[in-house]
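What follows draws every value from the coordinates through simple rules; no lab data is involved. This structure is a prediction, so every number in the text was calculated from the model and none was measured. Quick reminder, even Gly has a Cβ in these numbers, built from the backbone with ideal geometry, and neighbours come from all protein chains shown.
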Amino acid sequence: MEQYSRNDLTFDVRDAGPPDGPVVVLLHGFPQHDDSWDAVIDRLTAAGYRCLAPNQRGYSPGARPSRRRDYRIPELVADLGALIDASGARRVHLVGHDWGAAVAWAAAAEMPERLATVSPISVPHPAAFLKSFATSRQGLASWYMFFFQLPRIPEWLLMRRDGVMASESLRRGGQLAAAADRDVAAMREPGAMTAAINWYRAMPMSNPRAINQKVSVPTLYVWSDKDIALLPKAAHDTARYVSGEYRFEILPGVSHWIPDEQPDKLADLLLDWFAAHRTD
């Protein structure tokens with residue numbers, strides 16, 4: 001499978017590994033694409049898993065609506081549901097990094113019957129994250145989320161001079177130079193950065209009740225202690241919002257960009273977790 005559709009949108013997807021293997025869906029974050037998972041996919045497919053890594057809404061040229069409301073979490077979860085249906089799998093292992101983790105948390109609450117496991121990377125449970133704004137320095141660390149609410153200015157600043165500011169921002173956050181260059185190059189496509197930032201602009205339209213839902217799906221949450229955007233309070237409080245089996249792994253000395261910086265360590269954790277939770 002190279003593409004799948006939902007309504008009038010067409011999503012690009014990388015489909016790797018044995019067609020009859022257990023399915024793993026990997027959701028990228030901001031401002032990345034499916035290639036941010038390349039090194040992890042190599043490990044998972046070698047172990048017999050079929051990996052599906054879509055370019056999500058706004059990142060696929062054929063799925064780039066213009067309204068910010070089109071990037072609300074229910075739409076993103078429905079996109080994921082369409083991918084799972086297209087894969088032919090009854091249940092999948094779901095992995096998400098950054099915004100992909102936010103989608104994974106929501107999917108685990110909304111469609112637990114479709115998931116064998118859920119593995120959010122970096123981003124904590126949304127309720128723990130929101131509450132940490134009042135009990136820690138998380139609000140200051142998340143200043144960019146408020147900045148991204150402005151129209152047009154954020155993407156203009158980030159992408160002016162061929163994306164110099166975007167690249168520098170990623171590197172200051174711990175991203176590897178080659179990976180930062182890769183991600184910024186993809187954002188140069190017309191409309192790509194605006195679509196990516198629209199995920200943030202849709203946040204005020206979130207349903208508070210949905211945010212507080214607990215997760216019953218077996219959950220592996222991986223966080224790194226050098227993440228300058230996601231501080232310890234919410235990471236440690238996430239356990240309160242998982243009612244099912246829960247495993248919390250901390251990667252010491254690692255930045256926010258876990259799939260790029262420590263793909264083998266992440267793959268080791270995922271393979272161990274998947275082996276203990278079959279999809280059939």
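Taking the criterion of being under 19 Å from L230 (Cβ atoms) and surrounded by 13 or more Cβ atoms within 10 Å (Cβ to Cβ), the residues of region 150-173 that qualify are S169, L170, R171, G173. Pairs linking a residue in region 119-147 that is without any contact (Cβ under 8 Å) to a residue 24 or more places away in the chain to a residue that is surrounded by 15 or more Cβ atoms within 10 Å (Cβ to Cβ), with Cβ atoms under 7 Å and 6 or more positions apart or on different chains, are G139/F133; F147/P154. With respect to E261, determine if the residue is over 21 Å from S136 (Cα atoms) and touching a residue at least 60 places away in the same chain (Cβ under 8 Å). Yes: the conditions hold for E261. Across region 192-224, the qualifying residues are those that are among the hydrophobic types (A, V, I, L, M, F, W, C) and touching a Lys or Arg at 6+ places or on another chain (Cβ under 7 Å), and the one among them that is nearest to I258 (Cα to Cα) is L220.
Consider V77 carefully, then state whether it is closer than 18 Å to I197 by Cα, of a type in the set (A, V, I, L, M), in contact (Cβ under 8 Å) with a residue 24 or more places away in the chain and not in a helix (DSSP H, G or I).
Answer is no for this residue.
Within region 225-258, the set of residues being free of Cβ contacts under 8 Å to residues at least 60 places away in the same chain, buried (at least 20 other Cβ atoms within 10 Å of the Cβ) and closer than 9 Å to A128 by Cβ is empty.
The number of residues in region 167-204 that are over 15 Å from H33 (Cα atoms), aliphatic (A, V, I, L, M) and within 19 Å of the chain's Cα centre (by Cα) comes to 3. Within region 86-103, the residues that satisfy the criterion of being more than 17 Å from L269 (Cα to Cα) and either aliphatic (A, V, I, L, M) or touching a residue at least 24 places away in the same chain (Cβ under 8 Å) (or both) are A86, S87, A89, R90, R91, D98, W99, G100, A102, V103.
Restricting attention to region 123-144, and to residues there that are among the hydrophobic types (A, V, I, L, M, F, W, C) and surrounded by 14 or more Cβ atoms within 10 Å (Cβ to Cβ), which single residue is nearest to the chain's Cα centre (by Cα)? Residue satisfying both the conditions and the ranking: V123.
Here A63 meets each of (1) touching a residue at least 12 places away in the same chain (Cβ under 8 Å); (2) surrounded by fewer than 23 Cβ atoms within 10 Å (Cβ to Cβ); (3) over 18 Å from V215 (Cα atoms); (4) not aromatic (F, W, Y) with one exception, condition (2).
I'd like the full set of residues that are crowded, with 18+ Cβ neighbours inside 10 Å and in contact with a Pro (Cβ under 8 Å, 6 or more places away or on another chain), limited to region 202-219. Within region 202-219, I211, V215, V217, T219 qualify.
Might you let me know whether region 37-51 holds any residue that is under 24 Å from M205 (Cβ atoms), of a type outside the set (V, I, T), in contact (Cβ under 8 Å) with a residue 24 or more places away in the chain and part of a loop (DSSP other than H, G, I, E, B)? Checked against the condition, which is being under 24 Å from M205 (Cβ atoms), of a type outside the set (V, I, T), in contact (Cβ under 8 Å) with a residue 24 or more places away in the chain and part of a loop (DSSP other than H, G, I, E, B), region 37-51 yields no hits at all.
Looking at R69, is it within 22 Å of M205 (Cα to Cα) and outside any helix (DSSP H, G or I)?
Taking the combined requirement at face value, the residue does not satisfy it.
If I filter region 222-231 for residues that are more than 25 Å from K265 (Cβ to Cβ) and among the hydrophobic types (A, V, I, L, M, F, W, C), do I get at least one hit? No: zero hits.
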